[in-house]
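Structure first, then comments.
The values are calculated or read from the model by the stated rules, or taken from the named source; none is laboratory data. Predicted model only: the values in this text are computed from it and were never measured. Virtual Cβ from ideal backbone geometry, glycine too; neighbours counted across all protein chains shown.
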Amino acid sequence: GYHHARRPRGGARLRHLRHLVDRSGNHGAFGNFQVGASDFSPKTTLPTNAEKRLTVQGNHKPIFTNCSQYAPTVKEEEELGTYVFTVKAVDKDPPDAGGTVNYTFVSSPGERLKFTIDSETGVIKTRHVFDRDEPTREKEVYLSVRATDNGQPTLDDTCTVKVTIEDINDNPPVFDKQNYRESVPQDHPVDREVMRISATDIDNGNNSIVIYTLEPRQERDQGYLRIDANTGVIFLNRTINLTPAYVFRMRATATDQGAEPKMTETDVEILVVDSKKKAPSFTSPVEMTIHLKENYSDFAMPVATLTAVSNIPAETDLQFELVSGRTEQTNAQKTFILETAGPKAMVKLGRLLDYESISEYTLTIRVQNKFSLAATTTVNIQVEDVNDNIPAFTEVVRGSVLENEPTGTPVMQVRAIDADGTEVNNQVTYALADHTEMFQIDPKTGNITTRQEFDREEKDFYNVKVYATDNSPSSLYSDGRHNTGQQVFRIEIADKNDNPPRFTQQIYVAEAIPEDANINSPVTEVKALDNDTASTVRYSIVDGNTYNAFLIEDLTGKIRVNSPLDYENITSYTLTVKADDGNEQDMAKVEIKIENVNDNPPVFLPYNNNITIQEEDMVPGCIVTLQAYDPDIQDRTAEQHIEYFVVKNDQQMLLKITKDGCLSQIKPLDRDPPNGFVRWQVIIAANDEDGGPTSLRNNTEVIITLTDINDNAPFLHMVQPVKWDENQLPGTIVKLNAMDYDSEQNGPPFTFIIAGSATYDITEKFSIIGDDLEARVTFDREEQKKYMIPIAISDSGSPPMTGTSTLTVEIGDVNDNAMKEGHSSIFVYNYKGEAPNTKIGRVYVDDPDDWDLGNKTFAWKGGVQHENFELDHDTGMITMLQGTSNSSFLLTFTVTEEAPTIRRHSVDATVNVTVKYIPEEAVDKSGSVRMFGLTAEEFIQPGASGGPNKHVLFRSRLAHILNVSAENVDVFTVLHSPHNSNTSLLDVRFSAHGSPYRKPEKLNAAVALNKAVIEQELGVTLLMINIDECLIEKAWCAGSCTNFLTKNTTPSAVYTNTTSFVGVHAVVDPMCTCNVPEPIVCLNGGTPVGMTCECMEGFEGPHCEITGIGFYGSGWAMYPTIAACDDAHLSLELAPHKEDGLVFYVGPIVPNPSLDVRDFMSLEIERGYARLLVDYGSGTVSVEQRQIKLTDGKSHRVDILWSKTSVELKVDNCQMSSCLALTTPKGPNEFLNVNGPLQLGGTVVNLDEIASSMNWTRKPTPENFAGCIRNLTVNDK
């Protein structure tokens, strides 16, 4: 009758074998600490015959054997990690089959744990610093611990323990006053009370007992007063023989009785008063102790009534005070209040009491008469505990017991805490509310055990309600019943592992796993089912896993690639996999078939890789034939599907290779510099799979050596110019040197002659003898400074070649002319008035010699230096000092010269310096042009015959076309950009103002419309209007490009003889980003507030812009241009009033043949629908949206998005396919590169003329827009 045989699937299984299963586990008394445990079931086997064995499982539950005996303590203020105690649960199973126990805390969601527990050892330590004293009052803490075993299923036990927090002496006594001041009559009797002081220590035990001492602070007061060490009452110790108004000055100390005592001091002053002045006195009662229940709540009835007399004849007025101390025990929280009526003082309740918080109060009552004499008394209030807390269960809400366990098996322990402060009220007993026929509970310990055996297949859990009742009548009810708490606990019936796992298939097949599969990529998944719900099935590979090629996830059965596969090595695998639930197991096969992939690049066959041909010749047919095969194709005679190409882009225009591997010429190859090479390395690539998306590539090289022909003329190769001083006798100037790009056979020696193109003047003054250039006359630099001599040079090739080079001979200066007085002018723009010390130009004197600076010295005339300028006496350089104000300065100097050929002499020189302040706003709102064909010096130096220079002419022309006075135009920057090495490109910036400054887009537009006039008047070419370093696509950035104006307070200077110009150093820098951070600028009177603007009424934009404009069909508005961005976005809202019109245009204002940039974008309304034109400079595309008509009287939002690969037009964010308006821009250009202003509502330019000159295939409408446009936004700005 102890076991029952069952035969599912033809097998016999042992269900119960009681006499073999140890059920004598100690299930004795449980304490306050609960721990749960679970384990893997151990196997017990009995021999049945020679081939079969019977397996029995006995999964024991872990048990806390000493739970009720744990009484841990920890001192307050101990540091984190302090050891507290160790819990121990015992599980009788083997360690690897259910006997290994792990410990965890049982906690509620979000609870902040104050302890840590080692999951293996059960050692508990602090993770919180405790404070036993006010206001925290952490006197005890309850812990619930669960012990869980590793059985199948896991079982556990719980234990709840109270940890007591022990007091340490960490608080000094605290006096109830900062200092004390009282009075004593001159005839006060000896040994009579004078006053009392009081101090409280919130520690516990001896740490809270206070002893008082009193010491005089002045020698004269010695012996008059004494203090009761225990009560703090101060008595008169001898007769007072001092005059009234004398003050006893004492120091009182309060010391606790801790092992390491803590002490506090305070000052006590007692004023001696006339003997006729008596202190008041309390009549009844003098001191009292009152007992109050903690639920006392009568706020109207006095708790205590005290009476006092003033001891002043015919004077009854008294002033009572309830002295509050600095701790809650001394009424710091105003728990009690004082009310007075004549000679009576009544103590009443001010707040509700709570025994568990404060159990005792010491109240000090003080009474004072009109002489400021006082008396004190104390009232002690003892708070008595009442049963006002209902027992509350801890967070343990689940237990478990294994099915088929015998009666009396432990299930769990429950624990309820009663927060009342005394044992009279807080002792808890337990009882079951239901399921009493199945379970029983120990009324004292809360241990729940079974009363029957359970079958999980019948029912797998029970909800059991438990009552916890305290031990005295409740103060919360009037019928005398006790407080009772209740909670429902879930008791689960755990499954035993008595069913084997079974694979769902005996053979699993994984087809076509590519040999290049990534490590950890999935292959297939096997699955085994186990009828035991608590059993965990684990999978493993036991055979067939060659080279450890695969792994299996032990819990999921997913098989993955573990190491590289190789079809050429192994084409298939057959794995044996096992499913094991810890007791039973099953086996299955997995067949994995590997698929061949293209993982071998082509291989070249041997070939002649060193070829010699003659330069500039075209070799007929193939220079060389290459052949490669694909190793992945086993049959070498089959088609190999190889595709060849020349790798280097620059060689693809010269050489080509066919599919058969024939390498041939497209153009002749050049041997000679600068673009030729003696040996050409040609890289040939071969792709398999005809160059398909999964093809692999291999490279090889062909070296082509070129033999030379004489196809390059020689040229001069020497430093120029050559210097030859004036006044020298005829002689050899220099030995000529030449270079030839051909080989030595076709190069030197060279023959030099003066070319037939030379002028008569050159042939009369120069000759060549051999390779020497000879001077035939004596030269005068003042007559001519430079000579350009054409020299014909012939090489020694066959046939020879002749080339002509120009040699520049500069006549060196000899100081042979006396100087004369000189006059010059310097104009300085001082940016923001912050220019540092700046060199602004040299002192000028009239002297035909120009290499004689070393013979001159410079000095201030009269020896007096100007306060705003410094002079370099050796070079004549003038430095303007920092802080020089806006003004004109006439500086006078004396220049002295002396040379071997010139006698010492001196002349005067004057320099007129004009300094003008230029504000930051002028620079930020400036227009700009890039001129071609002149230098900065040529722009500043005087014009022909002393006429105005180009700077003055440009400024005057700007004033004319802008219709402002010349004084309101500033041309403040003249420099060569550091981004251009060409010194014939000159950048000029300018501004114009009346009030306020004109916007830069309007300045640039005005210049563009007058481009031809300005070019004719100045004799220059305006290469670019609105300097834009991003205009030439990919000149600086491969992607997005934005211009940023960099300004520097250090000026940029241009020096000439009679005029010098010192301007603002403002340079446009290309930034490879779409958005450059800009400072907050508030328009239209707005005020910056942090990173935003506070705007005046009517201005709604983020920078106080006007967000809407109305157009009537004849106007236009200008805005800054659009940056070149990888991904750009423009949006606006519009309400058109007519069917056709130009919404906006951004692009060239006038044709500019000098700068071939044709990009533009325009949006227009065509028959009521939106039409977008875009040209990246390589062809115009059109995008039209015909789903939503814009002229319906409503406002519509239009979004334009463009990138390298797409242009999209959206109306009202419509997402339907019929709304999709998308196209691809025409290449090869990839960006919209424009520097003209964005013109809204119409345009100031002739679009027909521009479209014709730019060869646009579609042109924008010239008809202006009528309607309202709002919220124009470009790239979120």
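For (1) outside any loop (DSSP other than H, G, I, E, B); (2) more than 45 Å from the chain's Cα centre (by Cα), each residue gets a yes or a no:
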{"residue": "Ser119", "(1), (2)": "no, no"}
{"residue": "His128", "(1), (2)": "no, no"}
{"residue": "Asp131", "(1), (2)": "no, no"}
{"residue": "Tyr142", "(1), (2)": "yes, no"}
{"residue": "Gly151", "(1), (2)": "no, yes"}
{"residue": "Ile168", "(1), (2)": "no, yes"}
{"residue": "Arg181", "(1), (2)": "yes, yes"}
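Being within 31 Å of the chain's Cα centre (by Cα), aliphatic (A, V, I, L, M) and either not in a loop (DSSP other than H, G, I, E, B) or not assigned by TED's automatic domain parsing to the domain that holds Asn1264 (or both) is a description that applies to Leu1045.
Exactly one residue out of Val1062, Val1076 is in the same structural domain as Thr935 (by TED's automatic domain parsing), aliphatic (A, V, I, L, M) and touching a residue at least 24 places away in the same chain (Cβ under 8 Å): that is Val1062. Among the residues of the stretch 1049-1077 satisfying the criterion of being outside any strand (DSSP E or B) and of a type in the set (S, T, N, Q), which is surrounded by the fewest Cβ atoms within 10 Å (Cβ to Cβ)? If we take residues in the stretch 1049-1077 being outside any strand (DSSP E or B) and of a type in the set (S, T, N, Q), then Asn1075 is surrounded by the fewest Cβ atoms within 10 Å (Cβ to Cβ). Looking only at the stretch 171-194, decide whether some residue is at positive phi and either surrounded by fewer than 16 Cβ atoms within 10 Å (Cβ to Cβ) or in contact (Cβ under 8 Å) with a residue 12 or more places away in the chain (or both). There is at least one residue in the stretch 171-194 that is at positive phi and either surrounded by fewer than 16 Cβ atoms within 10 Å (Cβ to Cβ) or in contact (Cβ under 8 Å) with a residue 12 or more places away in the chain (or both). Report whether or not Ala738 is aliphatic (A, V, I, L, M) and within 30 Å of Tyr644 (Cα to Cα). Here the answer is no, as Ala738 does not meet what is asked. Gly1236 - would you say it is touching a residue at least 24 places away in the same chain (Cβ under 8 Å), at positive phi and surrounded by 19 or more Cβ atoms within 10 Å (Cβ to Cβ)? Spelling it out, it is not the case that Gly1236 is touching a residue at least 24 places away in the same chain (Cβ under 8 Å), at positive phi and surrounded by 19 or more Cβ atoms within 10 Å (Cβ to Cβ). Only strands (runs of 3 or more DSSP E) whose full extent lies in the stretch 1136-1211 are considered here, and the ones with at least 1 residues that are buried (at least 18 other Cβ atoms within 10 Å of the Cβ), over 41 Å from the mean Cα position of the chain (by Cα) and not β-branched (Val, Ile, Thr) are 1141-1146, 1160-1166, 1169-1175.
Of all the numbered requirements in (1) without any contact (Cβ under 8 Å) to a residue 12 or more places away in the chain; (2) exposed (fewer than 15 other Cβ atoms within 10 Å of the Cβ); (3) not aliphatic (A, V, I, L, M), Lys656 misses one, and that requirement is (2). On the basis of being in a strand (DSSP E or B) and either in the same structural domain as Asp455 (by TED's automatic domain parsing) or more than 30 Å from Asp460 (Cβ to Cβ) (or both), does Leu565 make the cut? Answer is no for this residue. In the condition set (1) on the phi > 0 side of the Ramachandran plot; (2) surrounded by fewer than 16 Cβ atoms within 10 Å (Cβ to Cβ), Glu616 is compliant with all but (2). Of all the numbered requirements in (1) farther than 30 Å from Glu138 by Cβ; (2) in a loop (DSSP other than H, G, I, E, B), Phe248 misses one, and that requirement is (2).
Which residues, counting only those in the stretch 1202-1219, are of a type in the set (Ser, Thr, Tyr) and either farther than 18 Å from Asp1192 by Cβ or outside the structural domain of Asp1126 (by TED's automatic domain parsing) (or both)? Can you show your working first?
Here is the first cut: in the stretch 1202-1219, the residues of a type in the set (Ser, Thr, Tyr) are 1203, 1205-1206, 1217-1218.
Those that are of a type in the set (Ser, Thr, Tyr) and either farther than 18 Å from Asp1192 by Cβ or outside the structural domain of Asp1126 (by TED's automatic domain parsing) (or both): Ser1203, Thr1205, Ser1206, Ser1217.
Filtering the stretch 97-122 to residues that are closer than 18 Å to Tyr83 by Cβ, loosely packed, with under 15 Cβ neighbours inside 10 Å and of a type outside the set (Ser, Thr, Tyr) leaves Leu113, Asp118, Glu120.
Selection of the stretch 292-309 for residues being within 30 Å of Asn369 (Cα to Cα) and of a type in the set (A, V, I, L, M) yields Ala300, Met301, Val303, Ala304, Leu306, Ala308, Val309. Candidates Thr289, Thr231, Thr264, Thr283: the one that is closer than 25 Å to Asn204 by Cα, outside any loop (DSSP other than H, G, I, E, B) and at pLDDT below 90 is Thr289. For the stretch 923-948, a tally of residues being assigned to a strand (DSSP E or B) and either modelled with pLDDT under 90 or not polar (S, T, N, Q) (or both) returns 5. For the stretch 557-584, taking the residues that are aliphatic (A, V, I, L, M) and either more than 26 Å from Arg502 (Cα to Cα) or touching a helix residue (DSSP H, G or I) at 6+ places or on another chain (Cβ under 8 Å) (or both), the one that is surrounded by the fewest Cβ atoms within 10 Å (Cβ to Cβ) is identified as Ile570. Any idea which residue in the stretch 74-92 is modelled with the lowest pLDDT, counting only those that are closer than 25 Å to Asn447 by Cβ and touching a strand residue (DSSP E or B) at 6+ places or on another chain (Cβ under 7 Å)? The residue in question is Asp91.
Of all residues in the stretch 193-224, which are out of contact with any helix residue (DSSP H, G or I) (no Cβ under 9 Å at 6 or more places or on another chain), among the charged types (D, E, K, R) and farther than 16 Å from Asn241 by Cα? Passing the criteria: Glu193, Arg196, Asp203, Glu215, Arg217.
In the stretch 771-809, the qualifying residues are those that are acidic (Asp, Glu) and surrounded by fewer than 16 Cβ atoms within 10 Å (Cβ to Cβ), and the one that is farthest from Val845 (Cα to Cα) is Asp771. For Cys67, only one of the following conditions fails: (1) among the hydrophobic types (A, V, I, L, M, F, W, C); (2) buried (at least 17 other Cβ atoms within 10 Å of the Cβ); (3) at pLDDT 90 or above. What is its number? Tallying (1) among the hydrophobic types (A, V, I, L, M, F, W, C); (2) buried (at least 17 other Cβ atoms within 10 Å of the Cβ); (3) at pLDDT 90 or above, Cys67 fails exactly one: (3). Here Ser372 clears all of (1) of a type in the set (Gly, Ala, Ser); (2) assigned by TED's automatic domain parsing to the domain that holds Gly325; (3) surrounded by 16 or more Cβ atoms within 10 Å (Cβ to Cβ) except the condition numbered (3).
Quick one: which strands (runs of 3 or more DSSP E) lie wholly within the stretch 453-520 and hold at least 3 residues that are closer than 25 Å to Asp554 by Cβ?
The qualifying strands (runs of 3 or more DSSP E) are 507-514.
Within the stretch 377-423, how many residues are closer than 29 Å to Leu352 by Cβ, among the hydroxyl-bearing types (Ser, Thr, Tyr) and surrounded by 20 or more Cβ atoms within 10 Å (Cβ to Cβ)? Summing the residues that are closer than 29 Å to Leu352 by Cβ, among the hydroxyl-bearing types (Ser, Thr, Tyr) and surrounded by 20 or more Cβ atoms within 10 Å (Cβ to Cβ) in the stretch 377-423 gives 2.
Suppose the filter is within 60 Å of the chain's Cα centre (by Cα), under 30 Å from Lys1047 (Cβ atoms) and not in a loop (DSSP other than H, G, I, E, B); does Gly833 pass it? It is false that Gly833 is within 60 Å of the chain's Cα centre (by Cα), under 30 Å from Lys1047 (Cβ atoms) and not in a loop (DSSP other than H, G, I, E, B). For the stretch 374-393, the condition of being modelled with pLDDT under 85 and part of a loop (DSSP other than H, G, I, E, B) holds for none of the residues. When you scan the stretch 313-357, how many residues do you find that are crowded, with 17+ Cβ neighbours inside 10 Å, among the aliphatic types (A, V, I, L, M) and touching a Leu at 6+ places or on another chain (Cβ under 9 Å)? So the answer is 6.
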